[in-house]
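Everything on this sheet refers to the single structure shown next.
The values are calculated or read from the model by the stated rules, or taken from the named source; none is laboratory data. Being a predicted model, the structure only gives us computed values, none of them experimental. Virtual Cβ from ideal backbone geometry, glycine too; neighbours counted across all protein chains shown.
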Amino acid sequence: MSEQYPTLRLRERHGAGLAVLVALAPVAAAIIALIAGYSPWWLLAGAAVGAVLFLAGRSYVEMIRLMTDMLLPK
């Protein structure tokens, strides 16, 4: 399967780490904004957006794992 569907295999193997990295991006941007002198509310907003992105990324990875496990030949 890895020769036919390399993107699915990549997401299946490294999707959890990618979900964490994507979720940390708005948190890091909010921390930078806080250091630059913006309102502390940006930190709360960055954490909320990061949480939503993390949940969306993890559900996407689980969907890919289900798809590769159930639908694609082994």
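Every residue, every condition in (1) under 29 Å from Glu3 (Cα atoms); (2) modelled with pLDDT of 95 or more; (3) among the polar types (S, T, N, Q), yes or no:
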residue: Gly15; (1), (2), (3): yes, no, no
residue: Ala30; (1), (2), (3): no, yes, no
residue: Gly37; (1), (2), (3): no, no, no
residue: Val61; (1), (2), (3): yes, no, no
residue: Ile64; (1), (2), (3): yes, no, no
residue: Pro73; (1), (2), (3): yes, no, no
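For the range 26-66, how many residues are closer than 16 Å to His14 by Cα, surrounded by 15 or more Cβ atoms within 10 Å (Cβ to Cβ) and among the aromatic types (Phe, Trp, Tyr)?
The number of residues fulfilling the criteria is 1.
Report, by residue number, each residue of the range 46-74 that is over 20 Å from the mean Cα position of the chain (by Cα) and in a helix (DSSP H, G or I).
Selection gives Asp69, Met70.
Report whether or not Leu43 is over 12 Å from the mean Cα position of the chain (by Cα), on the phi < 0 side of the Ramachandran plot, among the aliphatic types (A, V, I, L, M) and assigned to a loop (DSSP other than H, G, I, E, B).
no
Looking at (1) surrounded by 14 or more Cβ atoms within 10 Å (Cβ to Cβ); (2) part of a loop (DSSP other than H, G, I, E, B), find the lone condition where Arg9 falls short.
Here Arg9 clears every test but (2).
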